[in-house]
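Heads up, the thing below is written out as structure tokens.
The values are calculated or read from the model by the stated rules, or taken from the named source; none is laboratory data. This is a predicted model, so every value here is computed, not measured. When we count neighbours, we look across all protein chains shown, and the Cβ atoms used for this are built from the backbone with ideal geometry, even at glycine.
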Amino acid sequence: MIDCLRNLLRPVFCRPAATALVALALSAGAEAQTVPASSMSSRVLACTACHGKEGRATPDGYFPRIAGKPAGYLANQLLNFRDGRRSYPQMGYLIEHLTDDYLREMAEHFAAQDIPYSPPPPPQAPPALLEQGRQLVQQGAAARRIPACVSCHGSAMTGVAPSIPGLLGLPRDYLNSQLGAWKTGQRRAHVPDCMADIARQLTPEDVSAVSAWLAAQPVAAGGKPARTLPAAMPARCGGVAEVPVAAAAAR
Ligand code: HEC
Ligand code: HEC
């Protein structure tokens, strides 16, 4: 199954993509190098087998939504999986030989999908734990050197283009596992890995609290990433360009 999915990513084995390339070569001459949108849709069938139609995720699985996430974030993740900073072998195998450019094109493809979010599942934790999660996300815990999550992920928690992801619309199990993986070093980002520093400050109870609270929040503003933050980010993060501060950007 995975072998046949992997073939989808290779135009030479994939009849619809090959046909599209020939058609493009005939109509566009020298521009035949670029990947036509239709062939990208057929190639990413390999991805949507797990990530759901158009990358919208499946109702209650672990597989994260990828549709509509910031393109730079998605591209960074594909590089992370390909280069071993993140690991999910069935997916890594699909992309291990793909070039940076190809991965970026796939990232752009999924980032451009504009698909409504489903309502969140009911909260799955006692009120006190949910309140602990809300406080950490919105205010952080200065005494324990935990910055508010919204200070980078945006006040609507829908992320900031091009490289900071949103925190909503993700399954609780997925959030728990990502924060846990950063604590143990199984998930890494480009250096300086700000999320590794933050995750290491979180206790296991903090992790359950933020994951339970985040997974129960509805997604505002169609989940669109913001373009600015109200104040400078509290730390530098690798692979993320300095985000403009709203007041400065308005000038
Ligand atoms: C066999 C199932 C499977 C297939 C096929 C698959 N993925 Fe994934 N993908 C996953 C899982 C599971 C994760 C989360 C892994 C983890 O725990 O970190 C993931 C994570 C991701 C992420 C990171 C999401 C985030 O929010 O950080 C991106 C981007 C992604 N996949 C893109 C793709 C693309 C593009 C393809 C097609 C080339 C693909 N995936 C194929 C299962 C799959
Ligand atoms: C200093 C900025 C910053 C702060 C503060 C911050 N984050 Fe992040 N976070 C990031 C960046 C940058 C990424 C993307 C990392 C990468 O490229 O893998 C990220 C990624 C994540 C992801 C992965 C999302 C996915 O789709 O896989 C989760 C979960 C997350 N952060 C949770 C949190 C939580 C919870 C807090 C608060 C306790 C927090 N973050 C605070 C910058 C920050």
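A few points about this structure:
- When the helices (runs of 4 or more DSSP H) confined to region 2-83 are screened for residues that are at pLDDT 85 or above, more than 23 Å from Ala216 (Cα to Cα) and hydrophobic (A, V, I, L, M, F, W, C), those reaching at least 2 such residues are found at 45-51, 71-82.
- For Gly159, the conditions (1) of a type outside the set (Lys, Arg); (2) surrounded by fewer than 19 Cβ atoms within 10 Å (Cβ to Cβ); (3) on the phi > 0 side of the Ramachandran plot all hold with the exception of (2).
- Candidate set: region 169-220, residues that are under 15 Å from Gln124 (Cα atoms) and exposed (fewer than 15 other Cβ atoms within 10 Å of the Cβ); chosen: the one nearest to ligand 1 (Cβ to nearest atom): Asp173
- Residues being assigned to a helix (DSSP H, G or I) and surrounded by fewer than 18 Cβ atoms within 10 Å (Cβ to Cβ) - total across region 106-128: 3
- Test: residue in region 203-216 that is touching a Lys or Arg at 6+ places or on another chain (Cβ under 7 Å), over 24 Å from Gln113 (Cβ atoms) and outside any helix (DSSP H, G or I): no
- Which numbered condition Pro234 misses (of (1) out of contact with any Pro (no Cβ under 6 Å at 6 or more places or on another chain); (2) surrounded by fewer than 21 Cβ atoms within 10 Å (Cβ to Cβ); (3) modelled with pLDDT of 95 or more; (4) not charged (D, E, K, R)): (1)
- Residue ID - farthest from Pro116 (Cα to Cα), chosen from residues in region 154-168 that are within 13 Å of ligand 1 (Cβ to nearest atom) and out of contact with any Gly (no Cβ under 6 Å at 6 or more places or on another chain): Ile164
- On inspection, Ala125 does not qualify as touching a residue at least 24 places away in the same chain (Cβ under 8 Å), among the small types (Gly, Ala, Ser) and within 16 Å of ligand 1 (Cβ to nearest atom).
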